[in-house]
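In what follows, a single structure is set out as structure tokens and then discussed.
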Amino acid sequence: MDEREELIRELDESRGILLELLADVPPDIEIYPGWTLRQFYAHLTGWDDVATLSLREHAAGRVPATPVVNGINAYNAESVHTREALDYEHTVKEWKLAREELKATIRSVPPERLNEPLLFPWGQTGSVRQFVEVFVEHEGEEHAAELRAWKARQA
């Protein structure tokens, strides 16, 4: 299988885990301190957006920007804040669209650029695989574990 398609499969699997965990969660319930599903989806959208921008620049042979230089918490707060005016339905649509754009961008990365050093938005460097796997783990492992624990506390 093409490495890009393998990365997309991994992203789809991690997103599937989240979708399963969130399927029965009402949108107005706080799942993280200060975050309902709307803010959680806005958070994930922000990360998909920055990943897409970084990969587009890398694919074009340019050095990506590093918008997370002020720290992950600052970036999280900013990405949620910039979507604060969106209603729940619009936030969900944007979340889904951002993932589709990320997958399309992964497909557009020339094979010869997959293993060239990529500057991550937070300043670290690595391959495209290493970069995408950060997001796979972020959703499918980190957030999944936190949501499982949250659901257990709600039971």
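Among the residues of the range 37-95, those identified as among the hydroxyl-bearing types (Ser, Thr, Tyr) and within 25 Å of Ala23 (Cβ to Cβ) are Tyr41, Thr45, Ser79, Tyr88, Thr91.
Scanning the range 72-85 for residues that are among the polar types (S, T, N, Q) and loosely packed, with under 13 Cβ neighbours inside 10 Å returns a single hit, Asn73. Out of everything in the range 41-76 that is hydrophobic (A, V, I, L, M, F, W, C) and without any contact (Cβ under 8 Å) to a residue 12 or more places away in the chain, what residue ends up being nearest to Trp122 (Cα to Cα)? Per the stated criteria, the residue is Ala74. Tell me, please, whether a residue that is of a type outside the set (Lys, Arg), in contact with a His (Cβ under 6 Å, 6 or more places away or on another chain), modelled with pLDDT of 95 or more and at negative phi can be found in the range 89-110. No, there is no match, as no residue in the range 89-110 is of a type outside the set (Lys, Arg), in contact with a His (Cβ under 6 Å, 6 or more places away or on another chain), modelled with pLDDT of 95 or more and at negative phi.
The rows are residues; the columns are (1) within 28 Å of Glu30 (Cα to Cα); (2) open to solvent by less than 70 Å² (accessible area, probe 1.4 Å).
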position: Leu53; (1), (2): no, no
position: Pro64; (1), (2): no, yes
position: Asn70; (1), (2): yes, no
position: Asp87; (1), (2): yes, no
position: Glu94; (1), (2): yes, yes
position: Ala104; (1), (2): no, yes
position: Gly123; (1), (2): no, yes
position: Arg129; (1), (2): no, yes
position: Gln154; (1), (2): yes, no
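Among the residues of the range 116-126, are any under 19 Å from Leu18 (Cα atoms) and aromatic (Phe, Trp, Tyr)? No, the range 116-126 has no match at all. Of all residues in the range 7-23, those satisfying the criterion of being open to solvent by 60 Å² or more (accessible area, probe 1.4 Å) and over 21 Å from Arg38 (Cβ atoms) are Arg9, Asp12, Glu13. Taken across the range 62-72, residues that are touching a strand residue (DSSP E or B) at 6+ places or on another chain (Cβ under 6 Å) and on the phi < 0 side of the Ramachandran plot do occur, with at least one present. Here Arg4 meets each of (1) under 18 Å from Val136 (Cα atoms); (2) modelled with pLDDT under 95; (3) surrounded by 12 or more Cβ atoms within 10 Å (Cβ to Cβ) with one exception, condition (2).
The values are calculated or read from the model by the stated rules, or taken from the named source; none is laboratory data. These numbers come from a predicted model, not from an experiment. Here Cβ is always computed from backbone atoms with ideal geometry, including for glycine, and neighbour counts include all displayed protein chains. When the accessible area is computed, the model is the full protein with side chains, heavy atoms only, and any ligands, DNA or RNA have been set aside. Shrake-Rupley method; radii C 1.70, N 1.55, O 1.52, S 1.80 Å.
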